[in-house]
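Trainee: I'd like to ask some things about the structure below.
The values are calculated or read from the model by the stated rules, or taken from the named source; none is laboratory data. On a predicted model such as this, the values are computed, not experimentally measured, just so you know. Glycine also receives a Cβ, built like all others from the backbone with ideal geometry; neighbour counts cover every protein chain displayed.
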Amino acid sequence: MHPQDSPSNRPTPVSADTREANRRQDHFGSREAIWLFGYGSLIWKADFAYRARRPALIEGYARRFWQGSHDHRGTPEAPGRVATLIHQPGSRCLGMAYLIGPEVLAPLDLREKNGYLRERVTLHFLDNDLADNDQPDVDDPLDDDGLTTARTAEGLVYIAGDANPAYLGDASDDSIAEQIAHAHGPSGPNRDYLLHLADALHAMGGEDDHVFGLAAALRRRMRQAATHPATTD
């Protein structure tokens, strides 16, 4: 049994607001735009201004539903679970990259304030937007329209590490699915977050055993609940 197979019974951690720590970082320098890598709700819910969007992956990371959500998909009393990244050599994480200006970081920091810190990563683009297939790899060359034509680029990603107070860690698929099935927060049901992410990854042709396994466990639970609804005396 996983050590956290009853995550809903864990003491509620105090939410760690990371906005100030992120604000102190300068990722732009003299650049007018930088790439942001999204691997969770940023794939399917880009409610911010961006100049370009390209499918991409990062290497050495794996997506995991190990971060607690007390402000979006759950509450302090009943946190939900959302995606973060863990270092895992040999793994690849598929997502969506957005070319953004510096004015976008403040609202993103607010959105990701519950334990997420910005980190630098190398993005590997998966589309066919290259002007010349033989063009050498370069870092973020911007053309007149602000679009990059590089195969790779340095970018940013928000990661909630295991030292943040909202971190929940590993648990079985069934345990995580049960927690997600019951969690609900200001941004809506936790189950929508997971199912939208799974659908988006399927649409991109991606493989993610962790996400797809959780989605399958959640759908089984939802079918069981529909077939055998809870009764009250």
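Trainee: Got a sec? Which of R51, R111 is charged (D, E, K, R), more than 16 Å from the chain's Cα centre (by Cα) and farther than 18 Å from L214 by Cα?
Mentor: Only one candidate qualifies: R51.
Trainee: A further question follows. On the phi > 0 side of the Ramachandran plot and either modelled with pLDDT of 85 or more or in contact with a Gly (Cβ under 6 Å, 6 or more places away or on another chain) (or both): which single residue out of G161, G188 fits that description?
Mentor: G188
Trainee: Then there is this: Within segment 97-117, which residues are buried (at least 20 other Cβ atoms within 10 Å of the Cβ) and either among the acidic types (D, E) or assigned to a strand (DSSP E or B) (or both)? Reasoning before the result, please.
Mentor: Kept after step one, since they are buried (at least 20 other Cβ atoms within 10 Å of the Cβ), are these residues of segment 97-117: 97-100, 105, 108-109, 112, 114-116.
Scanning segment 97-117 gives A97, Y98, L99, I100, D109, E112, N114.
Yes or no, residue by residue, for (1) within 19 Å of L85 (Cα to Cα); (2) assigned to a helix (DSSP H, G or I); (3) touching a helix residue (DSSP H, G or I) at 6+ places or on another chain (Cβ under 8 Å); (4) acidic (D, E):
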| site | (1), (2), (3), (4) |
| --- | --- |
| N164 | yes, no, no, no |
| A177 | yes, yes, yes, no |
| G206 | yes, no, no, no |
| H210 | yes, yes, no, no |
| R221 | no, yes, yes, no |
| A226 | no, yes, no, no |
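Trainee: Still on this model: When segment 163-176 is examined, which residues are found to be touching a residue at least 24 places away in the same chain (Cβ under 8 Å) and out of contact with any Leu (no Cβ under 9 Å at 6 or more places or on another chain)?
Mentor: Across segment 163-176, the qualifying residues are P165, A166, Y167, L168, G169, D170, A171, S172, D174, S175.
Trainee: Applying the selection to segment 174-191, what residues are surrounded by fewer than 16 Cβ atoms within 10 Å (Cβ to Cβ) and out of contact with any Ser or Thr (no Cβ under 9 Å at 6 or more places or on another chain)?
Mentor: Once the filter is applied, which keeps residues that are surrounded by fewer than 16 Cβ atoms within 10 Å (Cβ to Cβ) and out of contact with any Ser or Thr (no Cβ under 9 Å at 6 or more places or on another chain), segment 174-191 yields D174, G188.
Trainee: Right, here's the next one. Which residues, taken from segment 73-96, are surrounded by fewer than 18 Cβ atoms within 10 Å (Cβ to Cβ) and touching a Pro at 6+ places or on another chain (Cβ under 9 Å)?
Mentor: T75, P76
Trainee: Please go through segment 49-69 and pick out each residue that is in a loop (DSSP other than H, G, I, E, B) and basic (K, R).
Mentor: Across segment 49-69, the qualifying residue is only R51.
Trainee: Got a number for residues in segment 21-48 being assigned to a helix (DSSP H, G or I) and under 14 Å from the mean Cα position of the chain (by Cα)?
Mentor: Number satisfying all stated conditions: 4.
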